[in-house]
Amino acid sequence: MKKSDLPTKMCPVCNRPFSWRKKWERDWEHVRYCSKRCAGNKTRHQQVNW
């Protein structure tokens, strides 16, 4: 499968698209952030939007 054919999502923290990865195969529908860094900054991002 080509990388361009993989499903993508938008990260709510950095607003960048990220692609499906093998390690997310079992829980792709629950993946929300592109990286651990963005997952750690999720509360900081939510405060900015208020």
>> Name the residue that is modelled with the lowest pLDDT, counting only residues in region 19-50 that are among the charged types (D, E, K, R) and part of a helix (DSSP H, G or I).
In response: 44
>> I need the full set of residues from region 1-18 which are part of a loop (DSSP other than H, G, I, E, B) and surrounded by 14 or more Cβ atoms within 10 Å (Cβ to Cβ), in order please.
In response: 11, 12, 13, 14
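The values are calculated or read from the model by the stated rules, or taken from the named source; none is laboratory data. What you are looking at is a predicted structure, and each value in this text was computed from that prediction instead of being measured. For neighbour counting, all protein chains shown are included, and Cβ atoms are generated from backbone atoms with ideal geometry for every residue, glycine included.
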